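Some notes on the structure that comes next.
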Amino acid sequence: MTLHLFNHLLAVGSVEAHIRFMEAFRAVYRNRVVEIILLLCAASQIASGLTFVRRRWRERHQGLDLLQLGSGLYLAFFLLVHVGAVLTGRMQFGLDTNFYYAAAGMHVLPYRYFFLPYYFFAVLAIAIHLARALHWLARDRLSAAAMRAATALLSMCGFAAAALIVAAFAGGLYDITVPAKYLATFQ
Ligand code: HEM
């Protein structure tokens, strides 16, 4: 996951840097066994997260608990749609699901109104969810003030990373020409 997001941050530099890293990194995660394990991990994350939410649904949630619940639910939704879309792009459309596959949705109206917040909140939700996990893991070791500072720092980093990644993919940092075969998936 960290490498996946680092890969997207490289797009802040250039599309070429993003594609070069992804092609090298694919040698690892596109290996049949590794990919099956990765997809099973994603499925088990969704299943265990939803089970947890269902068990604790009736409890009273407030403040940061609500953020944990909301970010977790959003990540479950995002992972289902995102992995489904990547597999459909590869298997049904026969596309190389690289930078342009994700960028296409951010360049076609009206879909960009869905895809801009869709990707932005995915990256932000990861940071918030990690911050909440840190809270539970380190609550006996760190003071309340240190916990608040760590949560705020992680959330701000997530916000900045989300804004930079979405700006790069949407063509806000430099001009991008999305090849027609990727745009065609929206017609
Ligand atoms: C701005 C945010 C994101 C963008 C633009 C993006 C884009 C992509 C692209 C283009 C691929 C295809 C990779 C390939 O063909 O080799 C991919 C795969 C994948 N992404 Fe993301 N992603 C983002 C965030 C996330 C997040 C937050 C998660 C997890 C919560 C995630 C989970 C995955 C997984 C599991 C795959 C692998 C599917 C496979 O087996 O090929 N992505 N993503």
Point-charge dipole on Cβ atoms (K/R +1, D/E -1) for the chain, about Cα centre, debye to 20: 600
In whole angstrom, how far apart do the alpha carbon centroids of region 18-53 and region 65-123 sit? 15
Please report, ordered by residue number, every helix of the chain (full DSSP H runs) that is 30 Å or longer along its axis going by C-alpha atoms and whose mean Kyte-Doolittle hydropathy reaches 1.0. 64-91, 112-138, 144-169
Of the residues L69, Y118, Q92, the Cα lying farthest along the dipole of the chain towards its positive end, which is defined by charges on the beta carbon of Lys, Arg, Asp and Glu, belongs to L69
Which order do S44, S155, S71 fall in if you start with the one that has the fewest other Cβ atoms within 10 Å? S44, S155, S71
Over the chain, what is the mean sequence separation of C-alpha contacts under 8 Å (at least six apart), divided by residue count, expressed as relative contact order in percent? 26
Express the C-alpha Rg of region 5-93 as a ratio against the empirical globular expectation 2.2 N^0.38 Å, rounded to two decimals. 1.38
Region 2-177: Rg to Rh, with Rh as the Kirkwood radius over Cα pairs: 0.99
Write out the chymotrypsin sites (Phe, Trp or Tyr not before Pro) in region 1-80 meeting two conditions: DSSP loop, and at most 13 other Cβ atoms within 10 Å of their Cβ. W57
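Taking N as the number of residues in region 57-153, what is its alpha-carbon radius of gyration divided by 2.2 N^0.38 Å?
So the Cα radius of gyration is 1.39 times the expected 2.2 N^0.38 Å.
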Indicate the gyration tensor shape class of region 124-187 (rounded, prolate or oblate), computed on the Cα atoms with a ≥ b ≥ c the square roots of the eigenvalues: a/c under 1.5 is rounded; otherwise a/b larger than b/c is prolate and the rest oblate. prolate
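Values quoted throughout were computed directly from the atomic coordinates according to the rules given, and no laboratory measurement underlies them. Everything quoted here is computed from the prediction, not taken from an experiment. For neighbour counting, all protein chains shown are included, and Cβ atoms are generated from backbone atoms with ideal geometry for every residue, glycine included.
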